[in-house]
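The values are calculated or read from the model by the stated rules, or taken from the named source; none is laboratory data. Just so it is clear, the structure is predicted and the values come from calculations on it, not from any experiment. Reconstructed Cβ throughout: ideal geometry from the backbone, glycine too, with neighbour counts over all protein chains shown. Heads up: the accessible areas ignore ligands, DNA and RNA and are worked out on the full protein's heavy atoms, side chains in. Shrake-Rupley method; radii C 1.70, N 1.55, O 1.52, S 1.80 Å.
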Amino acid sequence: MEQASFSKGLEGVVAATSDICRIDGNAGKLYYRGYSIEDLARHSSFEEVTFLLLNEHLPTESELKEFQERMRRSRALNPEILEMIRNFPSDGKPMELLQAVVSYLSGYVEHKIQHSAFCDCRITLHQVVQLASVVATYHRFRQGKDYVEPDMSLSHGGNFLYMMRGEKPEDYEGRIMDVAFLLHAEHGFNASTFTARVVASTIATCYSSISAAIGALSGPLHGGANEEVLKMLDKIGSVKNVDSWFTKAIENKQKIMGYGHRVYKTKDPRAKIIEEFLQELSEKKNDSRDYDILKKLETKALTVLGTKDDPVYPNVDFFSGSVFKLLGIPPSLFTPIFACGRVAGWLAHILEQRKDNRIYRPKSLYHGPDPRPYVLIEDR
Ligand code: COA
């Protein structure tokens, strides 16, 4: 039998160098191209962060204006895509719709000449922008409502809520949605980003890479934990049940949804930012049930999970589902929304992969049968 070491799930394996994202799991810090996630959440926007990820520096005022205009011009969906969303089976999975739309979009790229494996994705921004328009429109069609033309004056997050609701959101809602996209934009070599890079390494187009990455994100081990947090909250029901629910969950070795992370060994910095949004929304909407339960659960869990040798803390999903719920977004859209943010990071990684490309081709350890003679069918 072949002898070699391997790491299941590639844990601890360094697969490439990257200048895009730095995560300090022990300190609970996250940086996009050197800028802390706290600074970006406070001062930046999804559009500016997309520029930063793709162009490796913060834009000047005129660069941002030009980039923003280009992104906003790409928001509207053409009739063929509207038809595709309308005809999507009612019980179909929206992540599969997104995969299909991205592949379909490649045929509609304005800059056909540049649309090749080496097209400049910084110019053909449809993938980044249109995902949000598709998710908003999918939601409207499922409710029997009409397509809403984008509003060019709104931020990326504000416009998403507008196209979903058909009414302009409050400024604070647009800001929260925009920062939610920003917080999900990039997170190193996770499964979907790695997928995007593997596909890019074959010199496939960015559309093929992104479509594949959406597929990787669609699995419950990657996207989707915030949906599970909402189910957990409904099971707990109210603050007074938290202690008994938690004790029973730990006795049954049940995982607390929105808790734990392969990289963070302290509270996820994105969870801290989203928690503030949940507090703000709970006050503004006069509905603090989820926030109250989650805070009580966090305090309780700290005494048990936070004191383990390998402590476990809230991750990005712990508070985000409740924020989306208070913004009127149904759970079935949570993972698609994750894709709408992460697509900026995928594109940055595709560009980085192309700069110094070598096709990914790892090995496996063969544990199958030794060579043996083929047996004719009549002799088996
Ligand atoms: N609740 C309770 N205990 C947890 C936990 C959770 N959510 N997550 C991890 N742990 C404990 C495990 O029971 C294990 O304890 P043990 O060593 O005493 O057996 C230890 O922490 C390591 O857990 P493990 O599942 O091996 O970590 P991982 O790095 O393979 O998995 C996750 C990371 C995120 C998949 C895992 O923490 C999880 O399933 N979390 C819940 C789902 C979730 O929120 N996912 C979103 C991630 S952003």
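The rows are residues; the columns are (1) open to solvent by 10 Å² or more (accessible area, probe 1.4 Å); (2) closer than 25 Å to Val304 by Cα; (3) of a type outside the set (Ser, Thr, Tyr).
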position	(1), (2), (3)
Ile203	yes, no, yes
Tyr207	no, no, no
Ala216	yes, no, yes
Val229	no, yes, yes
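What about Thr202, is it farther than 21 Å from Ile123 by Cβ, free of Cβ contacts under 8 Å to residues at least 40 places away in the same chain and more than 16 Å from the ligand (Cβ to nearest atom)? Judged against the criteria, Thr202 is not a match. When we screen Ala212, Ala225 for residues that are among the hydrophobic types (A, V, I, L, M, F, W, C) and modelled with pLDDT of 95 or more, the only hit is Ala212. Restricting attention to segment 184-196, the residues that are over 21 Å from Ala271 (Cα atoms) and buried (at least 24 other Cβ atoms within 10 Å of the Cβ) total 1.
Of the helices (runs of 4 or more DSSP H) lying entirely inside segment 257-347, not one contains at least 1 residues that are surrounded by fewer than 16 Cβ atoms within 10 Å (Cβ to Cβ), at pLDDT 95 or above and within 13 Å of the ligand (Cβ to nearest atom). Of the residues making up segment 344-378, those that are of a type in the set (A, V, I, L, M, F, W, C) and within 16 Å of Glu56 (Cα to Cα) are Ala344, Trp346, Leu347, Ala348, Ile350, Leu351.
Here Lys8 fulfils each of the conditions (1) at pLDDT 95 or above; (2) open to solvent by 60 Å² or more (accessible area, probe 1.4 Å); (3) not hydrophobic (A, V, I, L, M, F, W, C) apart from (1).
Select from segment 348-377 the residues that are assigned to a helix (DSSP H, G or I), surrounded by 10 or more Cβ atoms within 10 Å (Cβ to Cβ) and either of a type in the set (A, V, I, L, M) or at positive phi (or both) and list them in ascending order. Step through it out loud before you land on a result.
Quick first cut of segment 348-377, residues assigned to a helix (DSSP H, G or I) only: 348-355, 377.
Those left that are additionally surrounded by 10 or more Cβ atoms within 10 Å (Cβ to Cβ): 348-354.
Of everything in segment 348-377, those that are assigned to a helix (DSSP H, G or I), surrounded by 10 or more Cβ atoms within 10 Å (Cβ to Cβ) and either of a type in the set (A, V, I, L, M) or at positive phi (or both) turn out to be Ala348, Ile350, Leu351.
For segment 174-194, a residue qualifies if it is in contact with a helix residue (DSSP H, G or I) (Cβ under 6 Å, 6 or more places away or on another chain) and in a helix (DSSP H, G or I), and the qualifying residues are Gly174, Ile176, Met177, Asp178, Val179, Phe181, Leu182, Leu183, Ala191, Ser192, Thr193.
Can you say whether Lys168 is out of contact with any Pro (no Cβ under 9 Å at 6 or more places or on another chain), outside any helix (DSSP H, G or I) and among the charged types (D, E, K, R), as far as the supplied structure shows? Here the answer is yes, as Lys168 does meet what is asked.
Within segment 195-215, restricting attention to residues that are assigned to a loop (DSSP other than H, G, I, E, B) and of a type outside the set (Val, Ile, Thr), the residue that is nearest to Ser106 (Cα to Cα) is Ala204.
With the requirement that a residue be charged (D, E, K, R) and open to solvent by less than 80 Å² (accessible area, probe 1.4 Å), what does segment 75-94 give you? The answer is Arg75, Glu80. Of the residues making up segment 36-45, none is within 24 Å of Ala200 (Cβ to Cβ) and either of a type outside the set (Phe, Trp, Tyr) or touching a Pro at 6+ places or on another chain (Cβ under 9 Å) (or both). For segment 231-247, the tally of residues that are open to solvent by 80 Å² or more (accessible area, probe 1.4 Å) and away from the ligand (no atom under 13 Å from the Cβ) stands at 3. If you filter segment 138-174 down to residues that are of a type in the set (Ser, Thr, Tyr) and under 21 Å from the mean Cα position of the chain (by Cα), you find that the one that is least open to solvent (accessible area, probe 1.4 Å) is Tyr138.
Taken over segment 45-56, the criterion of being more than 17 Å from the chain's Cα centre (by Cα) and open to solvent by 10 Å² or more (accessible area, probe 1.4 Å) is satisfied by Glu48, Phe51, Asn55, Glu56.
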